[in-house]
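J.: Please find one structure pasted underneath; my questions will follow.
The values are calculated or read from the model by the stated rules, or taken from the named source; none is laboratory data. Values in this document were obtained by computation on a predicted structure and should not be read as measured data. Neighbour counts run over all protein chains shown; Cβ positions are idealised from the backbone, glycine included.
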Amino acid sequence: MDRLLNNLSIAIERGKENQDSPYPPDLKGKPGAYEYTQELLNIKCAPDMILKQGMMPRMDRIGKKFAEGKVFIPEILIAAKAMKAAMTLLKPYFDNGEVRRKGKVIIGTVAGDLHDIGKNIVRMVLEGDGWEVFDLGVDVNKEQFLATLHEHPQSIICMSALLTTTMMEMEKTVKIIKQESPQTKIYVGGAPLTSNFADKIGADGYFPDPHSLAKHLTKVI
Ligand code: B12
């Protein structure tokens, strides 16, 4: 079992999705994250153990390296893709409550803004870190954030903005959410943002990258 868990974590770090995936070339034809996860489930390894020991540590390592500038966006996206392939097999166990998630996160790029590359990375890293994430996509207005919060009242909200003009939309969204639900935590990110800006608009924090957000969330839950 340990060998399979280790192989799974290597497949995730190296971005080997499944046996058919051509990348990385030196692992061509070899099993990937999907097959190792299936094998682990076949030998009755607990889904929770697969997530916590086979998947999360390596995603965490990649997140750290990314924050330190030692790996770049393609590596994160490739690893997240492998993680996603493996997660399709674990999803039924999450859905039936056999594996506990850390909590719920609602994420979106704010109204008027179509940039979603960074937001998608944040989503993938949080999913990989054990959160259930509701991704509302791009151009999300305050009413959409609020409506989803009504559906999932215990959620944390994460907003992304890449344009100086749409940063202002964040302010309006934070205001309306905090008016209705002052206890809801709201975190913001995106290249033009700063901690000062987050304070000014009443958000609970700004994080420059998904890893620092994930680390913070794990501390506060
Ligand atoms: C790719 C891109 C586009 C693509 C977007 C494709 C897509 N699907 O996202 C397209 C071509 C569509 C586009 C369009 C436009 N763009 Co553009 N775009 C960029 C570009 C080159 C890269 C952005 C990016 O993806 N970066 C990589 C990601 C990974 O980084 P990131 O988004 O910052 O995310 C990281 C962190 O910020 C953080 N993060 C992000 N969100 C969140 C959220 C939370 C909660 C947390 C914790 C962290 C976090 O984590 C991520 C990973 O570390 C930037 C320039 C640049 N170098 O940044 C310009 C840029 C953002 N665009 C710009 C502009 C002006 C536009 C347009 C208005 C251009 C035009 N005239 O049409 C339109 C606007 C469209 C719209 N309404 O949104 C300007 C913004 C200037 C400003 N100050 O407002 C920039 C800075 C370019 C420039 N130098 O002028 N763009």
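J.: List the number of the failed condition for GLY202; all other conditions in (1) in contact with a helix residue (DSSP H, G or I) (Cβ under 8 Å, 6 or more places away or on another chain); (2) on the phi < 0 side of the Ramachandran plot hold.
T.: Of the numbered conditions (1) in contact with a helix residue (DSSP H, G or I) (Cβ under 8 Å, 6 or more places away or on another chain); (2) on the phi < 0 side of the Ramachandran plot, the odd one out for GLY202 is (2).
J.: Can ILE121 be described as touching a Phe, Trp or Tyr at 6+ places or on another chain (Cβ under 8 Å) and touching a residue at least 12 places away in the same chain (Cβ under 8 Å)?
T.: no
J.: Criterion first (of a type in the set (D, E, K, R), closer than 23 Å to THR184 by Cβ, in a helix (DSSP H, G or I) and at pLDDT 85 or above) does ARG101 satisfy it?
T.: When the stated conditions are applied, ARG101 does not pass them.
J.: Sort out which residues of region 28-55 are within 14 Å of ILE10 (Cβ to Cβ), of a type in the set (A, V, I, L, M, F, W, C) and at pLDDT 95 or above, and write them in order of number.
T.: Passing the criteria: ALA33, LEU40.
J.: Can you name every residue in region 82-118 that is among the acidic types (Asp, Glu) and without any contact (Cβ under 8 Å) to a residue 12 or more places away in the chain? Quick ask: steps written out before the conclusion?
T.: So in region 82-118, the residues among the acidic types (Asp, Glu) come out as 95, 98, 113, 116.
Once the filter is applied, which keeps residues that are among the acidic types (Asp, Glu) and without any contact (Cβ under 8 Å) to a residue 12 or more places away in the chain, region 82-118 yields only ASP95.
J.: Being of a type in the set (Lys, Arg), surrounded by fewer than 14 Cβ atoms within 10 Å (Cβ to Cβ) and under 22 Å from the mean Cα position of the chain (by Cα) narrows it down to one of LYS81, LYS44, LYS91, so name that one. Write out each step before concluding.
T.: On the way: LYS81 fails: surrounded by fewer than 14 Cβ atoms within 10 Å (Cβ to Cβ); LYS44 fails: under 22 Å from the mean Cα position of the chain (by Cα).
Checking each option against the conditions leaves just LYS91.
J.: Can I ask one more? Has region 15-23 got any residue that is modelled with pLDDT under 95 and under 21 Å from GLY63 (Cβ atoms)?
T.: Yes, region 15-23 contains a residue that is modelled with pLDDT under 95 and under 21 Å from GLY63 (Cβ atoms).
J.: How many residues does region 201-221 contain that are in contact (Cβ under 8 Å) with a residue 24 or more places away in the chain and more than 11 Å from the ligand (Cβ to nearest atom)?
T.: Result for region 201-221: 5.
J.: Among the residues of region 1-41, how many are free of Cβ contacts under 8 Å to residues at least 60 places away in the same chain, buried (at least 18 other Cβ atoms within 10 Å of the Cβ) and assigned to a helix (DSSP H, G or I)?
T.: 10
J.: Hey, another quick one. Applying the selection to region 109-154, what residues are farther than 14 Å from VAL174 by Cα, among the hydrophobic types (A, V, I, L, M, F, W, C) and either assigned to a loop (DSSP other than H, G, I, E, B) or not assigned by TED's automatic domain parsing to the domain that holds LYS215 (or both)?
T.: Matches in region 109-154: LEU114, TRP131, LEU136, VAL138.
J.: Looking for whichever is away from the ligand (no atom under 15 Å from the Cβ) and under 23 Å from MET87 (Cα atoms) here; the options are GLU132, GLU151. Which one fits?
T.: Every option except GLU132 fails the conditions.
J.: If only one of THR165, THR173, THR184 is assigned to a helix (DSSP H, G or I), away from the ligand (no atom under 12 Å from the Cβ) and either modelled with pLDDT of 95 or more or more than 24 Å from ASP95 (Cβ to Cβ) (or both), which one is it?
T.: On the way: THR165 fails: away from the ligand (no atom under 12 Å from the Cβ); THR184 fails: assigned to a helix (DSSP H, G or I).
Unique residue meeting the criteria: THR173.
J.: Sticking with this one: Being under 26 Å from LYS219 (Cβ atoms) and surrounded by fewer than 16 Cβ atoms within 10 Å (Cβ to Cβ) is the filter here; which residues of region 144-170 pass it?
T.: Selection gives HIS152, PRO153, GLN154.
J.: Quick one: LYS84 ticks every box in (1) modelled with pLDDT under 90; (2) touching a Ser or Thr at 6+ places or on another chain (Cβ under 8 Å) bar one, so which box is it?
T.: Failed condition: (2).
J.: Further question on the same structure: How about region 94-118: which of its residues are among the polar types (S, T, N, Q) and either surrounded by fewer than 17 Cβ atoms within 10 Å (Cβ to Cβ) or more than 16 Å from the ligand (Cβ to nearest atom) (or both)?
T.: If the condition is that a residue be among the polar types (S, T, N, Q) and either surrounded by fewer than 17 Cβ atoms within 10 Å (Cβ to Cβ) or more than 16 Å from the ligand (Cβ to nearest atom) (or both), then ASN96 is the only one that fits.
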